Every structure is written in structure tokens, then in C-alpha cells.
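A.B. asks: What follows is a structure written as C-alpha cells; I'll ask about it next.
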Amino acid sequence: MLGQVTVEALTKTYLTRQRQGLFKSTEKAVPALRGVSLEIRPGELFGLLGPNGAGKTTLIKCLTTLLLPTGGRAWINGHELTQADNAIRATTGCMLMGERGLYWKLTARENLVFFGALYHLDPAARRRRADELIEQLGLGEIADRAVESYSSGQRMKLAFAKALINDAPLLILDEPTNTLDVPSARELRAVVRDLNQQGKTVIYTTHIMAEAETLCDRVAIVDHGEVLALGTVPELKASLRREAVVKVEGVISTKATHAVEQLPGVSNVATTLNGHTTLTVVSQETHAALLPRLIETLTAHQAVIQKIAPEEPTLEDVFIARTGRTLADDTRVK
Amino acid sequence: MTTTLPGRPTLSQNLSAALAEAQLRFTNISRYPGQLLTNIVIPIVFAAMPILLGRATGGASAEANFAANTGSGNFVGYLLIGSCVFQFVSSTFFLVANWLRFEQETGTLEAVYLTPTSSATLLGGVVLYSTVRSLLPALIAYVVGCLVFGLNPLDGNLALALVFIAAGLIPLAGMSMLFGAVVLRVKEANALLNLMQWVVSFLMGIFFPVAVMPPLLQFVAWLFPPTWMTNGVRSALLGVGYFFGAWYLDLAVLWVFMFLAPLLGWWVFRRTEQGIQRNEGVGQF
Ligand SMILES: Nc1ncnc2c1ncn2[C@@H]1O[C@H](COP(=O)(O)OP(=O)(O)OP(=O)(O)O)[C@@H](O)[C@H]1O
Ligand SMILES: [Mg+2]
């Protein structure tokens with residue numbers, strides 16, 4: 001059976017003008033998707049995890065018919081992309097640009113009723129659905145105030161409500177917890193989980209590893225427009241099972257870092273700097289074999305170790321093992 | 001059991017969506033109440049300048065001079081009509097562009113493109129809104145202007161004047177789509193709008209008869225539907241004379257535009273829309 005969403009070798013290349021002075025400009029091709037293939041099953045909560053510029057939003061815009069892919073094919077809710085775009089739009093709920101995409105001079109209720117009309121709900125159904133969503137997301141107190149008077153988090157909630165207006169079987173959310181504080185983000189994830197349990201298929205985009213890890217059934221790790229790894233969270237971690245990951249914090253020189261990279265078995269060393277240095281060392285050897293050698297090498301290079309601990313692999317480690325970068329790195333094509 | 005293909009809306013669903021779009025625009029504008037008042041005052045002030053100039057420079061023979069060139073000695077009515085029709089023409093001409101620019105900047109353009117409502121339906125709603133929104137202030141401005149300058153607003157054939165306005169509206173909406181397509185592509189409106197505002201007012205003969213233009217410009221002006229509309233309204237109200245001698249011949253010309261302009265406008269708009277979908281999408285602004 002076809003999945004809820006099936007994507008086959010989808011590519012998307014943007015053409016942009018590169019300014020070279022006042023009157024001269026040349027065309028530049030920016031490949032944002034380089035052959036993405038996925039299958040998302042009905043009822044699945046599917047995560048798209050990737051750093052800034054990975055191509056997540058581009059993929060979503062292609063799947064929601066906003067962009068025409070450059071190549072490849074896709075089926076959404078049983079309709080082929082570019083063949084039945086209206087049917088795809090009617091059967092998909094999408095939260096795309098966060099707080100943008102709302103009419104700020106209108107109230108939450110007016111916004112929801114308006115979008116209900118564009119999804120062809122009849123007038124009574126629009127109002128009923130708007131009431132339901134206002135209730136469900138706790139927007140009651142602000143529902144009849146202009147959106148411009150909302151806090152950023154309240155606007156995000158309304159944008160989320162807007163994605164639910166047509167009660168579609170497929171929900172596509174592009175970084176829906178951006179700008180939300182921790183409790184609000186947790187609350188929103190709980191609603192997403194509920195909706196998923198009621199049978200909705202969800203595509204959830206994020207660059208936050210923990211979010212994908214706690215929420216999603218399966219995760220596709222995307223980078224530079226390609227799917228690097230795809231599976232359930234335990235599967236993805238298991239793919240690192242034979243690799244040891246050790247995190248070291250302290251004052252560590254570049255020389256020391258280079259020395260660690262030369263250690264036998266070490267396949268990757270990622271560095272983050274925030275006051276002091278944090279090394280994430282991935283090795284093919286066991287923790288027991290790696291730890292003593294690591295400490296020895298670092299101290300031999302005058303590093304000050306403040307904290308050192310073997311780590312249970314996280315999705316971030318999967319990403320690091322595949323790319324040599326952390327999720328926080330910006331990978332946008334320049 | 002009946003099954004409807006999702007996303008294939010019925011006619012009444014389309015109408016309902018178009019009405020919702022029109023209603024949204026009205027609700028939105030009602031939150032900027034100053035604008036309506038401005039739209040009523042501006043055409044009167046705009047007409048007052050040449051009217052006062054005419055009174056100052058024309059002297060005793062002003063009306064006779066004017067009648068020799070235009071066919072009517074009532075230069076006050078002539079200028080006031082020009083100014084009010086221009087107000088209507090310019091807001092209709094720029095309506096698609098303004099709508100798109102507004103929605104691009106707020107990010108709502110992408111949001112409405114996510115829904116199964118087609119841009120044709122949305123445009124229908126926007127045209128409906130804009131017609132009421134620009135016709136009403138233009139009419140009020142005309143009546144108030146007449147009273148201010150001591151004319152009887154009920155003089156002349158009002159019904160025929162309205163027919164010319166209605167017939168002119170449709171080609172205008174088509175041209176509006178052409179201009180909208182430009183904005184959709186270049187993502188800029190203000191500079192273009194300023195320039196076009198002058199071109200439109202000049203071509204349609206806001207304060208002077210087309211007959212006094214150089215021949216080449218006259219030819220361009222005749223290809224411009226609002227020229228026929230302005231002259232039709234002036235002829236109906238003041239009797240300045242139709243281009244082809246009879247009202248129904250001039251109206252027939254507008255009818256031709258009525259079919260050609262929307263077809264051309266829609267074709268160009270769709271092509272632009274598809275070109276953008278093929279590249280960066282409507283979300284860029
Ligand atoms: N309109 C555009 N024109 C040219 N390049 C673009 C355009 N939109 C996106 N890109 C490029 O395509 C790549 C993918 O961008 P995209 O927005 O899909 O990434 P993302 O994974 O959603 O990132 P983020 O986490 O920052 O939202 C980036 O390199 C970006 O610079
Ligand atoms: Mg994005």
C-alpha cells in the first residue's frame with residue numbers, strides 16, 4: 001500500500017540572482033533538495049530533523065504544492081503531486097511560517113472563520129470549528145482581540161489552530177515550537193501527540209534534537225537537501241551502538257583537539273565553543289578503551305579537563321557521526 | 001453513499017469563499033477608519049485645484065473657451081467628474097497589486113495559497129470588495145463636490161453614467177491583474193504605483209479632453225478602457241459628446257475591452273503565478 005506520503009527522488013533547485021554591482025547580476029543555482037525519498041505511513045508521527053538550511057521548509061513547501069519540485073515525484077494522501085494539487089491542499093493542514101500568515105488587524109476568531117471559508121466549510125461549520133479550536137488551545141480569553149495585541153507565543157498557538165481548521169488527516173508542522181517558551185512548547189507537543197493518537201498523520205519539522213527524540217515515531221535526519229539517516233529513534237541510536245561517544249569539557253587547545261583526532265579508532269571530533277571548549281569524540285572502540293587514551297592525550301597537550309563523561313548516544317550524535325558537525329552549525333548554501 | 005472529490009469545490013463553496021475574502025477586506029479596512037474619509041476628500045480637493053485655476057485664469061470667457069474644446073461649458077462639472085472617476089479608476093486599477101503586496105508583506109499570501117481556494121476565487125472577492133469600496137466614496141465625493149461648487153448632482157443621465165462605470169469596471173479589473181502579475185514577480189509596488197498613477201490619470205484625460213493630446217498619445221489613450229469610461233460618464237452627465245457619436249457605440253467598445261482585458265489579465269497572472277511556483281514560491285517578499 002502507498003504511504004500517507006510517498007516521496008521519490010524529489011529535487012528542488014532555486015535560481016537566484018547574484019548581484020555583482022549596480023547593473024550586473026548572474027544567475028546562481030541553489031540546490032535545496034538533492035533527491036529526497038521517504039515513505040510516511042498512515043498514523044505516523046514523523047520527524048524531519050536537520051540544521052538551518054537543511055532543506056526542511058523547502059521539502060514541506062513542495063509537499064504542500066507551494067513550490068513545484070525540479071524533479072522527482074510525490075504522492076500525498078493518495079493524490080499525486082502536480083496532478084491533484086487542490087485535493088492535496090484540501091486534505092492537508094499546514095503550519096508553515098509561524099506567526100506570519102495571520103491577519104493581525106483581525107481577531108483570532110475572525111482569522112479562523114476566514115480560513116474555514118477558504119477550506120470550504122459551510123458558515124455554521126466554520127464558526128463551530130473556530131469555537132472548538134479556541135477552546136481546545138485555551139485561546140478563549142484573547143479570541144476576540146486583534147492578533148496584533150497578542151504575545152508571540154499566543155500568535156504561534158493561533159497559527160497552530162489555523163493548521164487544524166480543516167481537520168485534515170495529514171498535519172504538517174514546520175518548527176511549530178519556535179519562539180515558544182518551554183512550558184508552552186511542551187503543551188503544544190502534547191496536543192500534537194493527542195492529535196496523532198486520534199489518528200492524524202503528522203510531519204514534524206525541527207532542528208532541536210530532543211524534540212524529535214521525545215516526540216517522533218520515526219525520524220529522517222536531513223542535511224544539505226539529503227536524507228542522511230531514517231528510522232525509529234532506537235534504530236538510529238543502535239546504528240551507533242558500536243561506537244563510543246565521550247564528551248569532554250574544559251580548556252582545550254586546537255593542538256590537543258588535533259591530537260585526539262589522530263587517536264586510533266576515533267572517527268569524528270566535533271567542537272563547540274561557549275566560554276570553554278566541548279569536544280564530542282566518536283570512536284569505533286569501546287568506552288573502556290577510549291577513555292584512558294583520551295585523558296592521556298589531552299593532559300599531554302596541557303588541556304584542562306573540567307568534565308569528562310561517556311555518553312548514551314543521542315540523535316545529535318547520529319548527526320555528528322554522519323556529518324562531523326553539530327546541529328547548531330549553519331549549513332545554508334552561501 | 002455520495003463521495004465528493006476533496007478540493008473540487010462547488011459553485012456555492014466558491015462564492016462563499018469569495019464573499020469571505022470580500023468580508024475580510026471590509027473588516028480589515030474598517031480598522032483603519034481614516035482611509036474612507038480620505039478617499040472622499042481627496043477627489044474634491046484634487047478637482048478644486050484646476051477649478052480654481054480655471055476661475056482665476058479663464059475670466060469671463062472661461063466657459064465659452066472650455067465649451068469650444070470639450071463640447072460643454074460646465075468646466076467645474078467636467079473636472080469634478082474627471083477627478084471622481086479617476087479616484088475610482090485608480091483604486092480599481094491598483095487593487096490586485098495592492099492586495100498582493102499587502103498579503104506578501106504579512107505572509108498571508110502563502111497562507112491563502114495553502115488552501116484549496118483558487119486565486120481566481122480570491123480575486124473575485126477582492127474585486128467585489130474594491131468595487132464597493134471605491135465606488136461609494138467616489139459617488140459621495142461627486143455629490144459633495146457638486147454641492148460645494150454649486151452644481152446640481154442630479155443633472156444629466158445618471159443611470160447611463162453608471163452603466164459606463166459598470167462596463168468600464170470589468171476591463172479595469174483585467175488590467176489590474178496584469179499589474180498584479182508584475183508585483184507578484186518583482187515584489188515591489190510603491191515605485192511602480194507612483195509612476196502608473198500619473199500615466200493613468202494622464203491617459204484617461206482626468207482634467208482635459210483627449211482631443212487636445214498629440215496624435216500618438218491620443219491613439220494610446222483610445223486603447224485604454226478608462227478613457228472611454230471617463231468620456232462616457234462626462235457625455236451622460238454633461239453632454240460633451242461620445243467618441244463615436246452615440247452612447248451605444250462607445251459602450252460597445254467598452255464591451256470589447258470587457259472580454260479581452262480580463263482574458264489577457266488572467267492569462268498573464270496565471271503564467272506569472274506558475275513561474276513563481278516553479279522557482280521561489282509566493283512566500284518571498
Ligand atoms: N527562495 C530561495 N531562493 C534561493 N535559495 C533559497 C530560497 N529558499 C531557500 N533557499 C536555500 O535553500 C536551502 C534550504 O532552505 P530551507 O529553508 O528549506 O531550509 P530549512 O531546513 O527549512 O532551514 P531552517 O531550519 O533555517 O528553517 C538553503 O540553503 C536556503 O538558503
Ligand atoms: Mg525552515
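The values are calculated or read from the model by the stated rules, or taken from the named source; none is laboratory data. A quick note: this is a predicted structure, and the numbers were derived from the prediction, not measured. Cβ placement follows ideal geometry from the backbone for every residue including glycine, while neighbour counts extend to all protein chains displayed.
A.B. asks: Filter segment A:292-320 down to the residues that are more than 16 Å from A:Thr271 (Cα to Cα), part of a helix (DSSP H, G or I) and either of a type outside the set (Ser, Thr, Tyr) or under 35 Å from the mean Cα position of the chain (by Cα) (or both) and list them by number.
C.D. replies: A:Pro292, A:Arg293, A:Ile295, A:Glu296, A:Ala300, A:Leu315
A.B. asks: Restricting to segment A:245-268, name every residue that is without any contact (Cβ under 8 Å) to a residue 40 or more places away in the chain and either outside any loop (DSSP other than H, G, I, E, B) or under 27 Å from the mean Cα position of the chain (by Cα) (or both).
C.D. replies: Selection gives A:Thr254, A:Thr257, A:His258, A:Val260, A:Glu261, A:Gln262, A:Val266.
A.B. asks: Of the residues B:Thr117, B:Thr57, which is among the polar types (S, T, N, Q) and in a helix (DSSP H, G or I)?
C.D. replies: Exactly one of B:Thr117, B:Thr57 is among the polar types (S, T, N, Q) and in a helix (DSSP H, G or I), namely B:Thr57.
A.B. asks: Looking at (1) closer than 20 Å to B:Trp247 by Cα; (2) outside any helix (DSSP H, G or I); (3) touching a Leu at 6+ places or on another chain (Cβ under 9 Å); (4) not basic (Lys, Arg), find the lone condition where B:Gly205 falls short.
C.D. replies: B:Gly205 satisfies all of (1) closer than 20 Å to B:Trp247 by Cα; (2) outside any helix (DSSP H, G or I); (3) touching a Leu at 6+ places or on another chain (Cβ under 9 Å); (4) not basic (Lys, Arg) except (3).
A.B. asks: Next question. Looking at segment A:198-211, I want the residues that are within 16 Å of ligand 2 (Cβ to nearest atom) and have a partner that is basic (Lys, Arg) with Cβ atoms under 9 Å, at least 6 apart or on another chain. Which pairs are those?
C.D. replies: What qualifies is A:Tyr204/A:Arg189; A:Thr205/A:Lys56; A:Thr206/A:Lys56; A:His207/A:Lys56; A:Glu211/A:Arg189.
A.B. asks: Going through segment B:70-125 one residue at a time, which ones are among the hydrophobic types (A, V, I, L, M, F, W, C) and within 30 Å of B:Gly59 (Cα to Cα)?
C.D. replies: Let us first name the residues in segment B:70-125 that are among the hydrophobic types (A, V, I, L, M, F, W, C), namely B:75-76, B:79-81, B:84-86, B:88-89, B:93-97, B:99-100, B:102, B:109, B:111-112, B:114, B:120, B:122-123.
Once the filter is applied, which keeps residues that are among the hydrophobic types (A, V, I, L, M, F, W, C) and within 30 Å of B:Gly59 (Cα to Cα), segment B:70-125 yields B:Phe75, B:Val76, B:Leu79, B:Leu80, B:Ile81, B:Cys84, B:Val85, B:Phe86.
A.B. asks: When only residues in segment A:156-176 that are part of a loop (DSSP other than H, G, I, E, B) and within 16 Å of ligand 2 (Cβ to nearest atom) count, which is farthest from A:Glu135 (Cα to Cα)? Even if it seems obvious, please write down each step before you answer.
C.D. replies: Our first condition is that a residue be part of a loop (DSSP other than H, G, I, E, B); within segment A:156-176, this holds for A:164-169, A:175-176.
Narrowing further to those that are within 16 Å of ligand 2 (Cβ to nearest atom): A:175-176.
Values: A:Glu175: 23, A:Pro176: 19 Å.
Only one residue fits best here, namely A:Glu175.
A.B. asks: Shifting gears a bit: Kindly check whether there is at least one residue in segment A:240-256 that is at pLDDT below 80 and over 12 Å from A:Glu311 (Cα atoms).
C.D. replies: yes
A.B. asks: Additional query: Determine whether segment A:55-64 contains at least one residue that is away from chain B (no Cβ under 13 Å) and within 19 Å of the chain's Cα centre (by Cα).
C.D. replies: yes
A.B. asks: Can you tell me which residues in segment B:107-118 are at negative phi and at the interface with chain A (Cβ under 7 Å from one of its Cβ atoms)?
C.D. replies: Within segment B:107-118, B:Thr108, B:Glu110, B:Ala111, B:Val112, B:Tyr113, B:Leu114, B:Thr115, B:Pro116, B:Thr117 qualify.
A.B. asks: A further question follows. Could you check how many residues of segment A:47-71 are within 16 Å of ligand 2 (Cβ to nearest atom) and either out of contact with any His (no Cβ under 9 Å at 6 or more places or on another chain) or among the basic types (Lys, Arg) (or both)?
C.D. replies: 13
A.B. asks: Go through segment A:51-83 residue by residue and tally those that are away from ligand 1 (no atom under 15 Å from the Cβ) and closer than 19 Å to A:Leu171 by Cβ.
C.D. replies: 8
A.B. asks: Separate question: Could you figure out which of (1) among the β-branched types (Val, Ile, Thr); (2) touching a Lys or Arg at 6+ places or on another chain (Cβ under 9 Å); (3) closer than 20 Å to A:Thr92 by Cα; (4) away from ligand 2 (no atom under 16 Å from the Cβ) isn't true of A:Val191?
C.D. replies: If we test A:Val191 against (1) among the β-branched types (Val, Ile, Thr); (2) touching a Lys or Arg at 6+ places or on another chain (Cβ under 9 Å); (3) closer than 20 Å to A:Thr92 by Cα; (4) away from ligand 2 (no atom under 16 Å from the Cβ), just (2) comes out false.
A.B. asks: Kindly indicate whether B:Val268 is of a type in the set (Val, Ile, Thr) and over 30 Å from B:Tyr142 (Cα atoms).
C.D. replies: Details: of a type in the set (Val, Ile, Thr): yes; over 30 Å from B:Tyr142 (Cα atoms): yes.
Spelling it out, B:Val268 is indeed of a type in the set (Val, Ile, Thr) and over 30 Å from B:Tyr142 (Cα atoms).
A.B. asks: Is there any pair linking a residue in segment B:87-112 that is more than 19 Å from B:Val132 (Cα to Cα) to one that is outside any helix (DSSP H, G or I) and modelled with pLDDT under 85, with Cβ under 6 Å and at least six apart or on different chains, and which?
C.D. replies: Note: pairs meeting the criteria are B:Arg101/B:Ala189; B:Gln104/B:Phe285; B:Glu105/B:Phe285; B:Gly107/A:Met97; B:Leu109/B:Val282; B:Glu110/B:Val282; B:Glu110/B:Gly283.
A.B. asks: Restricting to segment A:117-132, count the residues that are more than 8 Å from chain B (Cβ to nearest Cβ) and assigned to a helix (DSSP H, G or I).
C.D. replies: Filtering segment A:117-132 for residues more than 8 Å from chain B (Cβ to nearest Cβ) gives A:121, A:124-132.
Checking which are assigned to a helix (DSSP H, G or I) leaves us with A:124-132.
So the count comes out to 9.
A.B. asks: All but one of (1) crowded, with 20+ Cβ neighbours inside 10 Å; (2) touching a helix residue (DSSP H, G or I) at 6+ places or on another chain (Cβ under 8 Å) hold for A:Leu263; which doesn't?
C.D. replies: Failing condition for A:Leu263: (1).
A.B. asks: Please go through (1) buried (at least 24 other Cβ atoms within 10 Å of the Cβ); (2) facing chain B (nearest Cβ under 9 Å); (3) aliphatic (A, V, I, L, M) for A:Leu106 and return the number of the only condition it doesn't satisfy.
C.D. replies: Condition (1) is where A:Leu106 drops out.
A.B. asks: Any residue in segment A:1-24 that is away from every other protein chain (no Cβ under 14 Å) and outside any strand (DSSP E or B) sitting within a Cβ distance under 8 Å of a residue that is of a type in the set (A, V, I, L, M) and more than 16 Å from ligand 2 (Cβ to nearest atom)? List the pairs, counting only those 6 or more apart or interchain.
C.D. replies: A:Gly3/A:Ile40; A:Gln4/A:Ile40; A:Gln4/A:Ile76; A:Gln4/A:Leu170
A.B. asks: Considering B:Cys146, B:Cys84, which residue is away from chain A (no Cβ under 14 Å) and in contact with an Asp or Glu (Cβ under 9 Å, 6 or more places away or on another chain)?
C.D. replies: The unique qualifying residue is B:Cys146.
A.B. asks: Is there any pair linking a residue in segment B:247-261 that is not polar (S, T, N, Q) to one that is not in a helix (DSSP H, G or I), with Cβ under 7 Å and at least six apart or on different chains, and which?
C.D. replies: Short answer, once both residue conditions are applied: B:Leu249/B:Tyr242; B:Asp250/B:Tyr242; B:Asp250/B:Phe243; B:Asp250/B:Phe244.
A.B. asks: Output the number of residues of segment A:154-185 satisfying the condition of being buried (at least 20 other Cβ atoms within 10 Å of the Cβ) and hydroxyl-bearing (Ser, Thr, Tyr).
C.D. replies: Looking only at that region, the number is 1.
A.B. asks: Another one. Restricting to segment A:25-50, count the residues that are under 30 Å from A:Gln198 (Cα atoms) and either touching a residue at least 40 places away in the same chain (Cβ under 8 Å) or within 15 Å of ligand 1 (Cβ to nearest atom) (or both).
C.D. replies: Residues that pass the stated criteria total 14.
A.B. asks: Given the criteria away from chain A (no Cβ under 14 Å), within 30 Å of A:Gly93 (Cα to Cα) and either of a type in the set (Lys, Arg) or touching a residue at least 24 places away in the same chain (Cβ under 8 Å) (or both), does B:Leu19 qualify?
C.D. replies: Against the criterion (away from chain A (no Cβ under 14 Å), within 30 Å of A:Gly93 (Cα to Cα) and either of a type in the set (Lys, Arg) or touching a residue at least 24 places away in the same chain (Cβ under 8 Å) (or both)), B:Leu19 does not qualify.
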